1. How big is the stretch 1-102 by the Kirkwood estimate over distinct Cα pairs, in Å?
2. Sorted from largest to smallest, which semi-axis lengths in Å does the alpha carbon gyration tensor of the stretch 48-118 give for its equivalent ellipsoid, taking the root of 5 times each eigenvalue?
3. Using a 1.4 Å probe over the heavy atoms of the protein chains, calculate the carbon and sulfur portion of the accessible area of the chain as a whole percent.
4. Write down the accessible area per residue of the chain in Å², having rolled a 1.4 Å probe over the full set of protein chains.
5. What is the spin-label model distance, in nm, from Ala14 to Ser62 if the labels are put 7 Å beyond Cα along the C-beta direction?
6. Only Lys, Arg, Asp and Glu count, each charged at its Cβ (+1, +1, -1, -1), so figure out the dipole size of the chain about its Cα centre, rounded to 20 debye.
7. Of all DSSP beta bridges in the stretch 9-118, what percent run antiparallel (nearest 5)?
8. Loop-only trypsin sites (Lys or Arg not before Pro) in the stretch 1-94, please: DSSP not H, G, I, E or B, and at most 12 other Cβ atoms within 10 Å.
Amino acid sequence: QVQLVESGGGLVQAGGSLRLSCLASGITFSVATLDWYRQGPGTQRELVATITSGGSTNYADSVKGRFTISRDNAKNTVYLQMNSLKPEDTVVYYCHTYRVRSLRYDYWGQGTQVTVSS
């Protein structure tokens, strides 16, 4: 069974930092593309950052220069380092990956809340 478990969310003041972690199981982690998404109340889920098996990364314009996605294959964990946090970053953050077994299947973590106070 594929499982993604996020942790590291919490309350910080504007300008502060948090590091989110996502522990994955049930996948061949080293070959997986991993993503961080976020979603606020009544909004569409937004892709924040992506990291491929080769280590290539992409970021949403809204977080570029502030957030860094990384992975530790030995720990089956993907991270999102969030610096210079803004109140508009106050949403739930979700870890995501996919696998292909004839068809594509997408998997999501339960989410972790980030709250940035002003």
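The values are calculated or read from the model by the stated rules, or taken from the named source; none is laboratory data. Keep in mind that this is a model prediction, so the values were computed, not measured. As a convention, Cβ positions derive from the backbone with ideal geometry for all residues, glycine included, and neighbour counts pool all protein chains shown. SASA here: full protein model, heavy atoms, side chains in, ligands and nucleic acids out. Shrake-Rupley method; radii C 1.70, N 1.55, O 1.52, S 1.80 Å.
1. Details: mean 1/r = 0.0714 Å⁻¹.
The Cα-based Kirkwood calculation yields 14.0 Å.
2. Values: eigenvalues 118, 43, 26 Å².
With the √(5λ) rule applied to the stretch 48-118, the semi-axes are 24, 15, 11 Å.
3. Numbers: 2940 of 6290 Å².
Carbon plus sulfur share of accessible area: 47 percent.
4. Working: 6290 Å² over 118 residues.
In whole numbers, the chain has 53 Å² accessible per residue.
5. With each label placed 7 Å out from Cα toward Cβ, I get 1.6 nm.
6. Values: 11 positive and 8 negative charges, 45 e Å.
For this selection, approximately 220 debye.
7. Details: 35 of 39 bridges.
Looking only at bridges with both residues in the stretch 9-118, the antiparallel portion is about 90 percent.
8. Values: sites: Arg19, Arg38, Arg45, Lys64, Arg66, Arg71, Lys75; in loops: Arg45, Lys64, Arg66.
Answer in residue order: Lys64.
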